[in-house]
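Below is one structure; the comments refer to it alone.
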Amino acid sequence: IMFPGSTSYTQLFEVNNRIFVTSRCISIWYIAWSDDEGATWTSPVVFMEKTSTTIAGAFYIRPIVTGTDRVAIGTYTHPVTAGDKIKLYYTEFIPSTGKMVAEDGREMGGIYNDDTPATLENLDVIADAQPNTTFRFLDIARNTNGNTVFLIATSSTSDCNTGDYCLLERNHSLKETKKTTIVAHGKDLPHDTYWGGAYFVVDQNRVWNKQI
């Protein structure tokens with residue numbers, strides 16, 4: 001797969017025997033796919049981009065397959081360069097049509113047939129930081145209620161060694177986000193930039209079984 005520049009944060013997912021690979025190239029996310037178990041691949045196309053210069057730094061995505069034709073995608077801006085202006089976004093990708101859709105079903109772009117790609121600015125905002133705080137988005141899953149759950153680590157903008165690990169549960173019908181602190185770790189991490197990683201343990205249907 002020949003991307004148009006250096007890549008990072010590459011991720012794979014498979015839906016209906018089509019394998020997708022997404023990767024960040026500079027500040028744009030590209031996607032390619034294979035229908036023959038990876039023997040051949042399409043040329044990469046833009047999956048998601050940002051158009052506003054008011055959103056600082058790069059942005060990151062985390063996809064998870066949630067159904068036979070659905071991929072939930074959490075997206076957030078850079079936790080250091082965005083600081084307390086950081087936001088967590090949500091969208092869904094429909095592999096059969098290539099469309100990106102909002103919580104209410106609005107189409108926000110696509111990847112097939114020279115469709116216009118989705119832009120970060122048009123995604124649904126799930127959460128943002130409080131003044132003088134920032135957060136890192138660690139993982140995404142669905143719970144038994146059908147809500148999307150995001151795992152984040154919060155901290156002050158000046159000290160990444162203090163803060164909490166939290167769950168953000170999103171009810172898409174009500175467009176409400178419930179925050180629950182699960183670990184308040186204090187100052188036990190000996191690093192001033194990055195948090196210790198964490199992820200959800202999910203069952204065979206990709207539903208979170210309340211283990212982390």
Starting from the range 4-24, keep only residues that are open to solvent by 80 Å² or more (accessible area, probe 1.4 Å), then list their pairs with residues that are among the charged types (D, E, K, R) and in a strand (DSSP E or B) whose Cβ atoms are within a distance under 7 Å, requiring at least 6 positions of separation or different chains.
-> Y9/R24
When the residues of the range 93-108 are filtered to those that are in contact (Cβ under 8 Å) with a residue 24 or more places away in the chain and under 25 Å from N17 (Cα atoms), which remaining residue is surrounded by the fewest Cβ atoms within 10 Å (Cβ to Cβ)?
-> S96
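Considering only residues that are assigned to a loop (DSSP other than H, G, I, E, B), closer than 24 Å to N17 by Cβ and touching a residue at least 40 places away in the same chain (Cβ under 8 Å), which ones fall in the range 33-54?
Once the filter is applied, which keeps residues that are assigned to a loop (DSSP other than H, G, I, E, B), closer than 24 Å to N17 by Cβ and touching a residue at least 40 places away in the same chain (Cβ under 8 Å), the range 33-54 yields W41, S43, P44.
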Quickly run through the range 176-195 and pick out the residues that are surrounded by fewer than 13 Cβ atoms within 10 Å (Cβ to Cβ) and modelled with pLDDT under 70.
-> G186, K187, D188, P190, H191, D192, T193, Y194
Would you be able to tell me the number of residues in the range 25-55 that are in contact with a helix residue (DSSP H, G or I) (Cβ under 7 Å, 6 or more places away or on another chain) and open to solvent by less than 40 Å² (accessible area, probe 1.4 Å)?
-> 3
Residue check: is P63 surrounded by 19 or more Cβ atoms within 10 Å (Cβ to Cβ) and part of a loop (DSSP other than H, G, I, E, B)?
-> no
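The values are calculated or read from the model by the stated rules, or taken from the named source; none is laboratory data. Quantities reported herein were computed from a predicted structural model and do not represent experimental measurements. Don't worry about glycine lacking a Cβ; one is built from the backbone with ideal geometry, like all the others, and counts go over all protein chains shown. Keep in mind that these areas ignore ligands, DNA and RNA; they rest on the heavy atoms of the full protein, side chains included. Shrake-Rupley method; radii C 1.70, N 1.55, O 1.52, S 1.80 Å.
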